[in-house]
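First comes the structure, then the notes that go with it.
No value in this document is a laboratory result; all are computed from the given coordinates. Because the structure is predicted, anything quoted here is derived from the model rather than measured. A quick note on method: Cβ atoms are made from the backbone with ideal geometry, for glycine too, and the neighbour counts reach across all protein chains shown.
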Amino acid sequence: MYVYIMLPKIKNNQTIRTPKIHPEFDFKLNFDGCSKGNPGLSGAGAVIYCLDDEIWADSLFVGTNCTNNYAEYSGLIFGLNKAIEMKIKKLLVIGDSLLVINHMKGIYRCNSINLMPLFNKAKDLEKQFDSISYEHILRNKNKRADALSNIAIDKNSLSL
C-alpha cells in the first residue's frame with residue numbers, strides 16, 4: 001500500500017535571473033553611436049576596459065548626414081580596430097544597439113544596402129580575434145561610450 005502526502009504548492013512569483021558572467025574575457029569593448037536628426041550630424045564612441053579599468057577611450061566624427069545605425073556600426077568598427085591594434089585576442093563587445101548586436105550574433109540578417117558594407121567590415125575584423133562575444137545592454141549602462149559619441153558631434157559641429 002502506498003501513502004501519498006500532498007504538500008502545499010509553493011507560489012514563486014519571482015523570476016530568478018542568473019547574471020551574465022564572461023570570466024574568459026579580460027577585455028571589454030563598449031561602443032555607441034548617435035545621430036542628431038537621424039540622418040544628421042553623427043558621432044561614435046568606443047571604450048576598452050581591462051578587468052574593469054578603462055585603458056582606452058576615443059570619439060569619432062562619422063559625418064553630416066548619417067543615420068543612427070550607421071553611427072552605431074562606426075563605433076563598433078572604430079573599437080574593433082583599436083582592439084586589434086592593441087593585440088587583444090579575446091574580447092567581449094557590449095553595445096546598446098539591439099540591431100547591431102543581433103546582426104553580429106547572426107540573430108538578424110543585415111538587409112540594409114547602407115549598412116551592409118559596415119556589417120561586412122565588422123565581420124572581417126571579427127575574424128582577427130581568437131574569441132569574441134556580443135552582449136546587448138540598456139542605454140543607461142553605456143554612458144561612457146554614449147558621452148564620447150556626443151562629444152564627437154559637439155567638437156565637429158563648431159567647425160561646420
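Considering region 86-118, and only residues there that are among the polar types (S, T, N, Q) and touching a residue at least 40 places away in the same chain (Cβ under 8 Å), the residue that is nearest to D32 (Cα to Cα) turns out to be S97. Counting only residues that are farther than 21 Å from F27 by Cβ and of a type outside the set (K, R), how many does region 94-116 have? Adding up the residues that qualify gives 14. Quick check, is D53 over 27 Å from I113 (Cβ atoms) and more than 16 Å from the chain's Cα centre (by Cα)? When the stated conditions are applied, D53 passes them. For G79, indicate whether it is within 22 Å of L138 (Cα to Cα), of a type outside the set (D, E), free of Cβ contacts under 8 Å to residues at least 60 places away in the same chain and in a helix (DSSP H, G or I). Taking the combined requirement at face value, the residue satisfies it. The sole residue among N38, N65 that is surrounded by fewer than 22 Cβ atoms within 10 Å (Cβ to Cβ) and part of a strand (DSSP E or B) is N65. Pairing each residue of region 29-44 that is closer than 7 Å to S149 by Cα with any residue that is assigned to a loop (DSSP other than H, G, I, E, B), provided the two are 6+ apart or on different chains, yields C-beta distances under 7 Å for D32/D96; D32/N142. The residues listed here are D146, D124; of these, the one that is more than 18 Å from K36 (Cα to Cα) and not hydroxyl-bearing (S, T, Y) is D124.
Looking at region 82-123, which of its residues are out of contact with any Leu (no Cβ under 7 Å at 6 or more places or on another chain), aliphatic (A, V, I, L, M) and in a helix (DSSP H, G or I)? Across region 82-123, the qualifying residues are L98, L99, I101, M104, M116, L118. For region 142-160, residues that are in contact (Cβ under 8 Å) with a residue 40 or more places away in the chain and either polar (S, T, N, Q) or within 21 Å of E24 (Cβ to Cβ) (or both) total 5.
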